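Enquirer: Sending over a structure as structure tokens; questions will come in a sec.
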Amino acid sequence: MNNESLTEKLKGKFIVLDGPDGCGKTTQAKLLTQWLQARGISTNNFRDPGDTPIGEKIREILLSPQHIAMSTRAELLLYMAARAQLWQEKLVPAIREKTCIILDRWVSSTCAYQGHAGGVGMHNVIKLAEDSLSMPWPDMTIILDADVKTTAGRLPGRPDRMEAKPPEYHEKVRQGFLELAEQRENFFVVDAAGDIETVHEKVKKEVLKYF
Ligand code: TMP
């Protein structure tokens with residue numbers, strides 16, 4: 001495909017990179033953003049939760065290891081609140097300007113973490129997302145998948161409150177992502193066990209195939 005038609009196709013599109021902690025999605029979201037920008041495609045990269053003053057405060061509350069008392073339903077609502085703010089403050093203007101958006105996590109994370117691993121139920125998360133967000137489903141979601149041993153080995157020495165949850169929780173998170181990818185359209189699973197450049201090539205291939 002020539003560059004011009006890719007630029008046209010990606011205008012105002014909304015692509016999510018998601019997956020378990022340590023899957024490498026933050027690095028891959030940045031590389032994908034840089035690759036698109038280098039091709040002259042106006043692209044913005046945001047993280048969820050965060051990237052707004054309110055969202056960053058909610059993120060701190062969610063990830064502070066001091067908040068061990070937090071219930072899964074409180075987590076669910078806080079993640080959704082940060083996302084609603086990100087949508088309003090950053091994503092609506094970017095879409096209006098026809099910028100391509102690369103998002104580091106989105107509703108798929110809440111389905112896998114609070115819905116599947118946390119036991120709220122993915123269908124309940126989806127119901128809440130569809131009631132609270134104008135665009136709960138992106139144009140494309142790439143799930144970066146690797147086994148828990150691999151992803152755990154990539155985590156920082158001092159884990160945050162979510163990373164510190166036990167290996168069984170993280171195994172369920174992974175299964176939640178894989179189940180969701182089977183259920184929904186426009187979800188693509190990429191093997192994230194390889195090195196950064198290998199995974200980047202696979203991500204680019206999926207984007208070029210889809211658009
Ligand atoms: P990050 O460090 O990848 O930005 O994500 C923050 C943590 O929050 C990570 O452990 C995954 C978790 N999380 C959820 O549990 N539910 C959600 O809806 C989102 C977006 C993240």
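Enquirer: Would you check which residues across segment 161-183 are open to solvent by less than 60 Å² (accessible area, probe 1.4 Å) and assigned to a helix (DSSP H, G or I) and list them? Let's see the steps before the verdict.
Expert: Let us first name the residues in segment 161-183 that are open to solvent by less than 60 Å² (accessible area, probe 1.4 Å), namely 161-163, 165, 169-170, 173-174, 176-178, 180-181.
Across segment 161-183, the qualifying residues are 169, 170, 173, 174, 176, 177, 178, 180, 181.
Enquirer: Of (1) open to solvent by less than 30 Å² (accessible area, probe 1.4 Å); (2) within 11 Å of the ligand (Cβ to nearest atom); (3) closer than 22 Å to residue 170 by Cβ; (4) touching a helix residue (DSSP H, G or I) at 6+ places or on another chain (Cβ under 6 Å), residue 78 satisfies all except one. Which?
Expert: Of everything listed in (1) open to solvent by less than 30 Å² (accessible area, probe 1.4 Å); (2) within 11 Å of the ligand (Cβ to nearest atom); (3) closer than 22 Å to residue 170 by Cβ; (4) touching a helix residue (DSSP H, G or I) at 6+ places or on another chain (Cβ under 6 Å), residue 78 misses just condition (1).
Enquirer: Any residue in segment 105-116 that's free of Cβ contacts under 8 Å to residues at least 40 places away in the same chain: show its pairings with residues that are of a type outside the set (Lys, Arg) and within 7 Å of the ligand (Cβ to nearest atom) at Cβ separation under 6 Å, as long as the two are six or more apart or on different chains.
Expert: Final answer for the pair search is 110/79.
Enquirer: Now, a different point. Just checking, which of 135, 140, 122 is away from the ligand (no atom under 13 Å from the Cβ) and open to solvent by 10 Å² or more (accessible area, probe 1.4 Å)?
Expert: Answer to the check: 135.
Enquirer: Another question, if that's okay. Quick one: is residue 47 among the basic types (Lys, Arg), closer than 25 Å to residue 211 by Cα and open to solvent by 30 Å² or more (accessible area, probe 1.4 Å)?
Expert: On the way: among the basic types (Lys, Arg): yes; closer than 25 Å to residue 211 by Cα: yes; open to solvent by 30 Å² or more (accessible area, probe 1.4 Å): yes.
Answer is yes for this residue.
Enquirer: Something else now. Residue check: is residue 126 touching a helix residue (DSSP H, G or I) at 6+ places or on another chain (Cβ under 7 Å) and in contact (Cβ under 8 Å) with a residue 40 or more places away in the chain? Spell out the reasoning first.
Expert: Working: touching a helix residue (DSSP H, G or I) at 6+ places or on another chain (Cβ under 7 Å): yes; in contact (Cβ under 8 Å) with a residue 40 or more places away in the chain: no.
Spelling it out, it is not the case that residue 126 is touching a helix residue (DSSP H, G or I) at 6+ places or on another chain (Cβ under 7 Å) and in contact (Cβ under 8 Å) with a residue 40 or more places away in the chain.
Enquirer: Here's a follow-up. Would you please name the residue that is surrounded by the most Cβ atoms within 10 Å (Cβ to Cβ), looking only at residues in segment 184-211 that are assigned to a helix (DSSP H, G or I) and touching a helix residue (DSSP H, G or I) at 6+ places or on another chain (Cβ under 8 Å)?
Expert: Across segment 184-211, the extreme among qualifying residues is 203.
Enquirer: Look through segment 1-32, keep the residues that are more than 16 Å from the ligand (Cβ to nearest atom) and in contact (Cβ under 8 Å) with a residue 60 or more places away in the chain, and return whichever of them is farthest from residue 167 (Cα to Cα).
Expert: Per the stated criteria, the residue is 1.
Enquirer: Further question: How many of the residues making up segment 93-119 are away from the ligand (no atom under 11 Å from the Cβ), modelled with pLDDT of 95 or more and under 20 Å from residue 139 (Cβ atoms)?
Expert: 8
Enquirer: Next up: From the list 61, 54, 41, which residue is out of contact with any Gly (no Cβ under 6 Å at 6 or more places or on another chain) and within 12 Å of the ligand (Cβ to nearest atom)?
Expert: The unique qualifying residue is 61.
Enquirer: Here is a further query. Quick check on my filter: what residues within segment 98-127 are more than 22 Å from residue 23 (Cβ to Cβ) and in contact with a strand residue (DSSP E or B) (Cβ under 9 Å, 6 or more places away or on another chain)?
Expert: 99
Enquirer: Only one of (1) part of a loop (DSSP other than H, G, I, E, B); (2) modelled with pLDDT of 95 or more; (3) aliphatic (A, V, I, L, M) fails for residue 126. Which number is that?
Expert: Of (1) part of a loop (DSSP other than H, G, I, E, B); (2) modelled with pLDDT of 95 or more; (3) aliphatic (A, V, I, L, M), only one is false for residue 126: (1).
The values are calculated or read from the model by the stated rules, or taken from the named source; none is laboratory data. Worth saying up front: this structure is predicted, and the values here are computed from it rather than measured. Neighbour counts run over all protein chains shown; Cβ positions are idealised from the backbone, glycine included. SASA here: full protein model, heavy atoms, side chains in, ligands and nucleic acids out. Shrake-Rupley method; radii C 1.70, N 1.55, O 1.52, S 1.80 Å.
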